[in-house]
Amino acid sequence: MRKRVALVTGVLGGLGKAIAAELSKNGVRVIITDLPGEDLNKTSSDLGLVAIGADLGRESSVSSLMENLRLEVDSIDVLVSAAGGVCGQTGKPITEVSEHDWREIFAANLDSVFFLARHMGPMMAANGWGRIVTISSGAGLRPSLTGIQAYTAAKHGLIGLTKQLSSEFARYGVTVNSIAPGLVLSNPMTQRQWDGYGPKGQKNLLERIHTRRLGTPADIASAVAFLTSDAASWITGQVLAVDGGTS
């Protein structure tokens, strides 16, 4: 029996790297992607996985990614979209948000999933089996702690897209779900966000989390491993909040 093949995006952000490592450990053949460059090459070397660079917010780049994937594998069984984030932005009044800032975050967090799903959803449906997992955020369920309007809007949109894709593809054996992580210190940006709260703000935030701790990349990777398994075949169109129980 052939190994199932997964494409994991956003491996430079911390969550994607942990997800790729977990799926690989579980016997899945994993290919990783993120923006091309030395950071992606190093991550590929660290994980021992094939990497293909791509700017997923551009459809032409996703088309090139698909051509390169076909040189490596016949088809993709699992898509985990962990690409996204705040693109280096910080919260500011809406009157100070430029069109470029708005569109940059939508391209990274929402357009990328649309382009990938348009290419890979029909492929999975034709094979009669597939798993798509999007990584949204608590910001897709409520206002974002970052204060970034585009990030909140894009993550809400991503959850809507996830549910619509489930409606379209689940009848063909392709489940589509989203994981909404709480605050996970997975990269320098989230570390700066955490540090910016100061001791009092950190204490208040932790008191809102039932487990009284922040999440780890491994917490998110474990949830992805379940949702991409055969055991989750009747779970689709769902948003799983992996946030320690946030009030």
Checklist outcome for this item: Note on D74: of the conditions (1) under 25 Å from F226 (Cα atoms); (2) in contact with a strand residue (DSSP E or B) (Cβ under 7 Å, 6 or more places away or on another chain); (3) not polar (S, T, N, Q), unmet is (2)
Checklist outcome for this item: The correct count of residues that are free of Cβ contacts under 8 Å to residues at least 24 places away in the same chain and surrounded by fewer than 18 Cβ atoms within 10 Å (Cβ to Cβ) in segment 133-155 is 2
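If you take the residues in segment 28-55 that are in contact with a helix residue (DSSP H, G or I) (Cβ under 7 Å, 6 or more places away or on another chain) and over 23 Å from A225 (Cα atoms), which one is surrounded by the most Cβ atoms within 10 Å (Cβ to Cβ)?
Looking at the filtered set, the residue picked out is A54.
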Next on the checklist: Residue under question is S222, and the condition is that it be touching a Gly at 6+ places or on another chain (Cβ under 9 Å), open to solvent by 40 Å² or more (accessible area, probe 1.4 Å) and in a helix (DSSP H, G or I); does it hold?
Outcome noted: no
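Tally time: how many residues in segment 1-13 are within 13 Å of S81 (Cα to Cα) and touching a strand residue (DSSP E or B) at 6+ places or on another chain (Cβ under 8 Å)? Give the steps one after another, and end with the answer.
So in segment 1-13, the residues within 13 Å of S81 (Cα to Cα) come out as 6-13.
Subsequent filtering for residues that are touching a strand residue (DSSP E or B) at 6+ places or on another chain (Cβ under 8 Å) retains 6-11.
Number satisfying all stated conditions: 6.
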Checklist outcome for this item: Note on W194: of the conditions (1) open to solvent by less than 40 Å² (accessible area, probe 1.4 Å); (2) in contact (Cβ under 8 Å) with a residue 24 or more places away in the chain; (3) of a type outside the set (D, E); (4) farther than 19 Å from A83 by Cβ, unmet is (2)
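Just to be sure, is L79 in contact (Cβ under 8 Å) with a residue 60 or more places away in the chain and open to solvent by less than 20 Å² (accessible area, probe 1.4 Å)?
yes
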Checklist entry - Has segment 64-78 got any residue that is among the hydroxyl-bearing types (S, T, Y) and not in a loop (DSSP other than H, G, I, E, B)? => result yes
Checklist entry - Does segment 28-57 hold any residues that are part of a strand (DSSP E or B), of a type in the set (A, V, I, L, M, F, W, C) and within 20 Å of L110 (Cα to Cα), and which are they? => result I32
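Are any residues in segment 202-234 under 21 Å from A170 (Cα atoms) and either of a type in the set (V, I, T) or at pLDDT below 95 (or both), and if so, which ones?
V224, T228
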Checklist entry - Which residues, counting only those in segment 1-27, are open to solvent by less than 30 Å² (accessible area, probe 1.4 Å), of a type outside the set (A, V, I, L, M, F, W, C) and assigned to a helix (DSSP H, G or I)? => result G16
Checklist entry - Would you pick out the residues in segment 58-67 that are closer than 30 Å to S233 by Cα, under 21 Å from the mean Cα position of the chain (by Cα) and open to solvent by 20 Å² or more (accessible area, probe 1.4 Å)? => result E59, S63
Checklist entry - Taking segment 92-132 only, how many residues are outside any helix (DSSP H, G or I) and surrounded by 15 or more Cβ atoms within 10 Å (Cβ to Cβ)? => result 5
Next on the checklist: Any residue at all in segment 168-189 that's surrounded by fewer than 15 Cβ atoms within 10 Å (Cβ to Cβ), assigned to a helix (DSSP H, G or I), under 15 Å from the mean Cα position of the chain (by Cα) and modelled with pLDDT of 95 or more?
Outcome noted: no
Checklist outcome for this item: Checked pairs for segment 88-117, first free of Cβ contacts under 8 Å to residues at least 60 places away in the same chain, second open to solvent by 60 Å² or more (accessible area, probe 1.4 Å), C-beta under 7 Å and 6 or more apart or across chains, list as F115/E59
Checklist entry - Within segment 235-247, is there a residue that is part of a strand (DSSP E or B), surrounded by fewer than 20 Cβ atoms within 10 Å (Cβ to Cβ) and at pLDDT below 95? => result yes
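The values are calculated or read from the model by the stated rules, or taken from the named source; none is laboratory data. Model, not experiment: these values are computed from the prediction. Because the Cβ atoms are built from the backbone with ideal geometry, glycine has one as well, and the counts that use them run over all protein chains shown. Each accessible area value is taken on the protein alone, full model and side chains, heavy atoms only, with ligands, DNA and RNA left out. Shrake-Rupley method; radii C 1.70, N 1.55, O 1.52, S 1.80 Å.
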